[in-house]
Amino acid sequence: MSFGDDTAPRSKRGGKRPGAGRKPKGHKATSALPAIDLEAALAAPAPDDIESTAQAYSRGAIASLVKQLCHGKSETAKVNAANAILDRGYGKPSVDVGGLSQLSLFGGIRPAAVVGDEIRVEARKYANLAIEVLGAIATRGETEGARVSAAKSLLDRGVGTVQVAKVPEGLQPKAMGKKEEAAVAARNAAAGKYAPPAAPGSRRLETVQ
């Protein structure tokens, strides 16, 4: 085979990638977002009820989360999408109180007060899919961060989030006043490693913590 043979098969690897190379002057990167009329959006009066304004995009938002869940390239984005779907369908994870009891899932508030009934039902349709994706990423995810995040989400959903540990009231140290603090400081100054030697037959003071 000669080097000048143009009929020889060429490798499919290499070559110029679409969009590669230096961009011409004045080039503007394309965006997946449609054009937004900024002037109209900024000139419009602030809505009195932001919930009703945002609800117009609710079904589209659920569909976008499902699309990301199924076809997203980022595992972190998939975990976030799964959590968002589960939050909308069932509320935030409950809090595990000492491993014995759990707080009410919605804190006494009906789910309809947080999201519309239709959106809640729509989100629950994809709950199993969200759990399966979290499970797959938790066990076979490509990045450590994504695996940890997915595993934590499954634990929060299964057994509840962990409550911040607090010292029992009976074991909490009692706050001292200024006079008590001064007395303790004086006793500590007269005791310990650098204290003067005790007189024969006397008892050495111990440092107060």
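Going from most exposed to least, what order do V121, V162 have by accessible area with a 1.4 Å probe?
V162, V121
Between L129 and D87, what is the spin-label point distance in nm, taking each point 7 Å from the Cα along the Cα→C-beta axis?
Calculated label separation equals 1.9 nm.
Quick one: net charge around Y126, please, counting Lys, Arg +1 and Asp, Glu -1 for every other residue with C-beta under 15 Å from its C-beta.
Charge balance near Y126 sits at +4.
Just to verify a number: FRET efficiency for A186 and Q163, C-beta to C-beta distance, R0 = 41 Å, to 0.05?
E between A186 and Q163, to the nearest 0.05, is 0.50.
Sort K125, K174 by heavy-atom solvent-accessible area, probe 1.4 angstrom, most to least.
Correct descending sequence by accessible area is K174, K125.
The values are calculated or read from the model by the stated rules, or taken from the named source; none is laboratory data. Given the structure is predicted, the values throughout are model-derived calculations rather than measurements. Cβ atoms come from the backbone with ideal geometry, glycine included; neighbour counts cover every protein chain shown. All accessible areas refer to the heavy atoms of the entire protein, side chains included, with ligands and DNA or RNA removed. Shrake-Rupley method; radii C 1.70, N 1.55, O 1.52, S 1.80 Å.
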